[in-house]
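Trainee: Pasting a structure below so you can have a look.
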Amino acid sequence: MKRIGLLTSGGDCQALNAAMRGVVKSILHGSDDVEIYGFLEGYKGLIYGNYKMLSSSDFSGILTKGGTILGSSRTPFKLMREPDENGLDKVEAMKHNYYKLNLDCLVILGGNGTHKTANLLRTEGLNVVTLPKTIDNDLWGTDMTFGFQSAVNIATDAIDCIHTTAASHGRVFIVEVMGHKVGWLTLNAGMAGGADIILIPEIPYDIKKVVKAIETRHKRGSRFTILAVAEGAISKEDAALSKKELKKKQEKRVYPSVSYQVAAEIQERSGLDVRVTVPGHTQRGGSPCPYDRVFASRLGSEAGKLIMKGEYGFMVGYKNREIVKVPLEDVAGKLKYVSPDATIIKEAKMLGISFGD
């Protein structure tokens, strides 16, 4: 008999359920002698032994369902080695619950922080297989993560909707897209939505050049300008500060986010009417798009195959249009950034998109 544990950790996104469904269906296709245990609310469930036994019927009808049927939570990796408020050793507690259920493998779906903890559990002797989940598409070792394309679609729809009102009123509109450290989501949604200016964390912007790009458009007869701004976009001045200096400056900021700061600076320098739209968590919500349903199902199926073969310690990733297995130790702690010299950036600039650099 195979005993498999499942958990989803970190921020939710579309296709988590589709991925888990793929894992379970592929395992059950190869053997009926399987027990599935779902840990509730991510690593919290594994730490405190909060789980439930699942049957094949639990995975029926969830292919198109957003969110996660197991619930999720953020349990920072940097706190994993610290005892909880009652002195509980979290790592030992996770190992205890793993062995108490006599699990053959733990399947973990998550992003960067989740993979750090997954690799920690691997080094502690647990059999682990992971799947790459994040709307940011920033996991190292895979060209694509599930949830990303669905989030791109939603952010693009927001930009599309802004186009008509921006054109009608002749305004400058900023659409703030999720992404604190990495700009893949903003870059793709911005290009897909026809944004004129795209600001991402990897390319610090000069507000003077941003305003110049807007004014150039106006001189050419364009009545409006749309900016796609990542929530982690940063000015060249701030990028030059040390982490300590930047943190101190951010503690004194008067704007709720960088988009509102950029809006105020544009308005002050140009006199133009500027509006900010923040789609926020809508980018994580709703039903997964068809691409993510297929992609997550494929990843889940390959994870199931690894489990049946007894191959552990891998993330199931996607490279050069093929599903691959990537050693967890190669993934943990690394982010896949947008290179300022990437081909897609050069192509965007050839289309006339400004990055404020």
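The values are calculated or read from the model by the stated rules, or taken from the named source; none is laboratory data. Bear in mind that the values here come from a model prediction, so they are computed numbers and not experimental data. Cβ coordinates were reconstructed from backbone atoms using ideal geometry, including for glycine residues, and neighbour counts include every protein chain displayed. Side chains are part of the model used for accessible areas, which takes the heavy atoms of the whole protein and leaves out ligands, DNA and RNA. Shrake-Rupley method; radii C 1.70, N 1.55, O 1.52, S 1.80 Å.
Trainee: Touching a helix residue (DSSP H, G or I) at 6+ places or on another chain (Cβ under 7 Å), more than 27 Å from Gly71 (Cα to Cα), part of a helix (DSSP H, G or I) and of a type in the set (A, V, I, L, M): does that describe Ile307? Full working, then the answer.
Mentor: Details: touching a helix residue (DSSP H, G or I) at 6+ places or on another chain (Cβ under 7 Å): yes; more than 27 Å from Gly71 (Cα to Cα): no; part of a helix (DSSP H, G or I): yes; of a type in the set (A, V, I, L, M): yes.
So Ile307 fails the test.
Trainee: Being surrounded by fewer than 24 Cβ atoms within 10 Å (Cβ to Cβ) and under 22 Å from Ala192 (Cβ atoms) is the filter here; which residues of segment 227-238 pass it?
Mentor: Here is the first cut: in segment 227-238, the residues surrounded by fewer than 24 Cβ atoms within 10 Å (Cβ to Cβ) are 231-232, 234-238.
Glu231, Gly232 - these are the residues of segment 227-238 that are surrounded by fewer than 24 Cβ atoms within 10 Å (Cβ to Cβ) and under 22 Å from Ala192 (Cβ atoms).
Trainee: Going through segment 6-50 one residue at a time, which ones are assigned to a loop (DSSP other than H, G, I, E, B) and without any contact (Cβ under 8 Å) to a residue 40 or more places away in the chain? If you could, list the steps in order and put the result at the bottom.
Mentor: Here is the first cut: in segment 6-50, the ones assigned to a loop (DSSP other than H, G, I, E, B) are 9-15, 31-33, 40-42, 49-50.
Scanning segment 6-50 gives Asp32, Asp33, Leu40, Glu41, Asn50.
Trainee: Regarding segment 268-275, can at least one residue be identified that is at pLDDT 95 or above, aliphatic (A, V, I, L, M) and open to solvent by less than 90 Å² (accessible area, probe 1.4 Å)?
Mentor: No, segment 268-275 contains no residue that is at pLDDT 95 or above, aliphatic (A, V, I, L, M) and open to solvent by less than 90 Å² (accessible area, probe 1.4 Å).
Trainee: Now for a separate question. For Val338, state whether it is within 21 Å of Met178 (Cα to Cα), of a type in the set (A, V, I, L, M), within 21 Å of the chain's Cα centre (by Cα) and not in a helix (DSSP H, G or I). Reasoning before the result, please.
Mentor: Details: within 21 Å of Met178 (Cα to Cα): yes; of a type in the set (A, V, I, L, M): yes; within 21 Å of the chain's Cα centre (by Cα): yes; not in a helix (DSSP H, G or I): yes.
Spelling it out, Val338 is indeed within 21 Å of Met178 (Cα to Cα), of a type in the set (A, V, I, L, M), within 21 Å of the chain's Cα centre (by Cα) and not in a helix (DSSP H, G or I).
Trainee: Quick one: is Leu131 at pLDDT 95 or above and either of a type in the set (Gly, Ala, Ser) or more than 12 Å from the chain's Cα centre (by Cα) (or both)? I'd like the intermediate steps shown before the answer.
Mentor: Details: at pLDDT 95 or above: yes; either of a type in the set (Gly, Ala, Ser) or more than 12 Å from the chain's Cα centre (by Cα) (or both): yes.
Taking the combined requirement at face value, the residue satisfies it.
Trainee: Test each condition in (1) in a loop (DSSP other than H, G, I, E, B); (2) in contact with a Ser or Thr (Cβ under 7 Å, 6 or more places away or on another chain); (3) open to solvent by 20 Å² or more (accessible area, probe 1.4 Å) for Ile154 and report the one that comes out false.
Mentor: (1)
Trainee: Looking at segment 37-49, can you tell me whether even one residue there is in contact with a helix residue (DSSP H, G or I) (Cβ under 9 Å, 6 or more places away or on another chain) and either at pLDDT below 95 or basic (Lys, Arg) (or both)?
Mentor: Within segment 37-49, none of the residues are in contact with a helix residue (DSSP H, G or I) (Cβ under 9 Å, 6 or more places away or on another chain) and either at pLDDT below 95 or basic (Lys, Arg) (or both).
Trainee: Could you list, ordered by first residue, the pairs with Cβ atoms under 7 Å in which the first is in segment 311-339 and closer than 27 Å to Ile203 by Cβ and the second is open to solvent by less than 80 Å² (accessible area, probe 1.4 Å) and hydroxyl-bearing (Ser, Thr, Tyr), at least 6 apart or interchain?
Mentor: If the second residue must be open to solvent by less than 80 Å² (accessible area, probe 1.4 Å) and hydroxyl-bearing (Ser, Thr, Tyr), the pairs left are Gly317/Thr142; Tyr318/Thr142; Lys319/Thr142.
Trainee: In addition: When segment 97-141 is examined, which residues are found to be touching a residue at least 40 places away in the same chain (Cβ under 8 Å), among the charged types (D, E, K, R) and farther than 17 Å from Glu35 by Cβ?
Mentor: Those that are touching a residue at least 40 places away in the same chain (Cβ under 8 Å), among the charged types (D, E, K, R) and farther than 17 Å from Glu35 by Cβ: Lys116, Arg122, Lys133, Asp136, Asp138.
Trainee: Determine whether segment 69-89 contains at least one residue that is crowded, with 23+ Cβ neighbours inside 10 Å, among the small types (Gly, Ala, Ser) and assigned to a loop (DSSP other than H, G, I, E, B). Walk me through how you get there before you give the answer.
Mentor: Pass one, segment 69-89, residues crowded, with 23+ Cβ neighbours inside 10 Å: 70, 72.
Imposing the further condition that a residue be among the small types (Gly, Ala, Ser) reduces the set to 72.
Those still in the list that are assigned to a loop (DSSP other than H, G, I, E, B) too: 72.
Within segment 69-89 (the criterion being crowded, with 23+ Cβ neighbours inside 10 Å, among the small types (Gly, Ala, Ser) and assigned to a loop (DSSP other than H, G, I, E, B)), the answer is yes, since at least one residue qualifies.
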